[in-house]
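To start, the structure itself, in structure tokens.
Quick note: the coordinates plus some simple rules give every number you see, no bench work behind them. Here the structure is a predicted model, which means the values were calculated and not measured. FYI the Cβ positions are ideal-geometry reconstructions off the backbone, even for glycines, and counts take in every protein chain you see.
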Amino acid sequence: MVPRWRIFSIWLGWRWSKNIQRQKKANNLAIAVIAMGILTIIIGLSTGTGLQLEIEKKVERFHGTYQIRPYQTNLERDLFPFPKSQLFSDSSEFLSRTNSQFSYHFAAWKSGIASFKSQMEGAKLFGLDNIPQSISLITHEGSNPNWENSPNSIWISQEMARKLGATISDEIQMYFNREGHSTPALRYFKIVGIFNSGISEWEDQIIICSLGTIQKLNKWQDDQSQAILLYTKGKTSFTEEQSLTNILPIDFDVFTSQEDFPQLYQWINLFDNNTYLLGIVLAIVASFNSVVVMFIRIIEKKSSIAILRAMGMNKFGLYTSFMTLFTPSIVKGLLIGNLSSFSLLFIQYYWGIIPLDPETYYISTVPVAWPWINILNANLFIFITLTLTTWITSMILSKIHPSRVLQSQ
């Protein structure tokens, strides 16, 4: 008898959902709130993840996916140099790994003051053995530096060029502090390119030069540098970082951009927190709306409920009918919300119609990513929340005593 009642309960809830002419406005409002909730969450997850990935890519152009440096060094100050042979000769496994999974570049930094005509600005030389592909692909004017024929050729940031009033083919001066000397060291550099990376914290003070220039300024050996920039050929993972650390000499470590620039990534993570908070608020609003709609529907059907209880239908059968009554609204709201959000995201992904202020967000248009696992979890979260809300509401309202309802008719 129980299975028959269960089938009847499902059929009854389905019939009630088809015969709701007087509650169409409330039903449509419930669907709209659910659709708007999941739409907002999906768009927030997609654009927030996209913004994080785009900013991370821009930072890693100059930082590298990973940096290999002596363990005790800090990127904020001039780093301690080490000979290349110390790393490569001590770890043949590291050499084979970097050749197969990474492209690598030796790098060093040197702080100083750049001067052109009457303008002076603080600057930081970024010395490389050669230009990484990720840097050569950024927006720039001019040509790539040829350090073999012109060791003093440099790339300068667009902001630095604006502040100094310099342009391509101009020659600038740079002053560097010398330990034990009262007068600074002076060097001349020729601008062959002006770049715009889109990350103001990076590009404002950076001047890209040859690694040999910094070696001569610091009187290092030809094989000395301060870091190795590793660029991965695929996606990165925590296990990859750990395995890379394990094959390094004990006095070296792997550094990521998250570790070197924690404040930037804390700001990025705020987008996730805002998305999750908004999702919770919208889920609460949708749940409250579902309670109102369910209350209206059950009160309207109270006579039918009383008769069914008098005929022997148990509370579980009523719960099943109520769930069948409101579940189509939940499913329909989720479907409409998903279709609407994906349509908007695809339009933005291919045409980039919504702009952003690059001075604030470092990119010119709203980026789109596809975090499918998070999107699936968002749908499950909304569905489970509304289902539980509906179930609890039906439990409360099913306690209506049938005799009292029938006596009031």
ask   = Going by how many other Cβ atoms sit within 10 Å of their own, how do W109, W147, W370 line up, fewest first?
value = W370, W109, W147
Sorted by Cβ density within 10 Å, fewest first, the residues F116, F261 = F261, F116
key: Using a Förster distance of 22 Å, the FRET efficiency for F288-W370 (Cβ separation, nearest 0.05)   = 0.10
message = Let me make sure I get this right: for region 115-223, a, b and c are the square roots of the gyration tensor eigenvalues over alpha carbons, sorted descending. Under 1.5 in a/c it's rounded, otherwise prolate if a/b > b/c, else oblate. Which is it?
response = oblate
query = Summing +1 for each Lys or Arg and -1 for each Asp or Glu, what net charge is found among the other residues whose Cβ lies under 13 Å from the Cβ of N196?
reply = -2
task = With θ set to phi - 60°, apply the Karplus curve 6.51 cos²θ - 1.76 cosθ + 1.60 along region 225-230 and write out the HN-Hα couplings as whole Hz, x wherever there is a Gly or Pro.
result = 8, 10, 7, 10, 8, 9
remark   = Between A123 and residues 5 or more places away or on another chain, the pairs with built amide H atoms under 5 Å apart involve G112, I113, A114
